[in-house]
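*Asks:* For reference, the structure I am asking about is given below.
Every number in this text was worked out from the coordinates using simple rules, so none of it is lab data. Note that the coordinates shown come from a computational prediction; the quantities given were computed from them, not determined experimentally. Here the Cβ is made from the backbone with ideal geometry for all residues, glycine too, and neighbour counts use every protein chain on show.
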Amino acid sequence: MANSRAKTNNETDGFVKVLADKATDRILGTHIIGPSAGELINEAVLAQEYGASSEDVARVCHAHPTCAEALREANLASYFGKPINF
C-alpha cells in the first residue's frame, strides 16, 4: 500500500524495508525501491552511518504528506512490529 504523497503523485509502485539487528535494533541496511528512492536514501544512509536504531528513526518527526514518511513507517514496522498507516 502506498503512502498519501505517492498516491497523490500517482507513483504507487515501490517499497521501503529496514533491516535491523534483532538484539540491538541497530540499522544494518535499508532497501528503497521506487520513483523517489534517490530522495529518500540520504536519511537511511545517515542513520546507518551514525549507528542509529530503527526506533531512533521511527521517533523522528516526518512531514505529512511526504514520501519520506515511508522511511519512518518502515522503521516503525522494524521496531514496533507494525507501521501506523498501513
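*Asks:* Taking Cα pairs under 8 Å and at least six residues apart, what relative contact order does the chain come out at, in percent?
*Replies:* Result for the chain is 31 percent.
*Asks:* If you don't mind, there's one more thing I want to ask. Under the 0.36 nm per residue contour assumption, what length would be gained going from the current alpha-carbon distance of T8 and E49 to full extension?
*Replies:* 11.6 nm
*Asks:* Which one of Y50, I27, Y79 has its Cα pushed farthest toward the positive end of the charge dipole of the chain, where Lys and Arg give +1 and Asp and Glu give -1 at the Cβ?
*Replies:* Looking along the dipole axis, the top candidate is Y79.
*Asks:* Return, for the Cα atoms of the range 4-79, the radius of gyration and Dmax in Å, separated by a comma.
*Replies:* Every Cα atom of the range 4-79 included, Rg and Dmax give 11.9, 38 Å.
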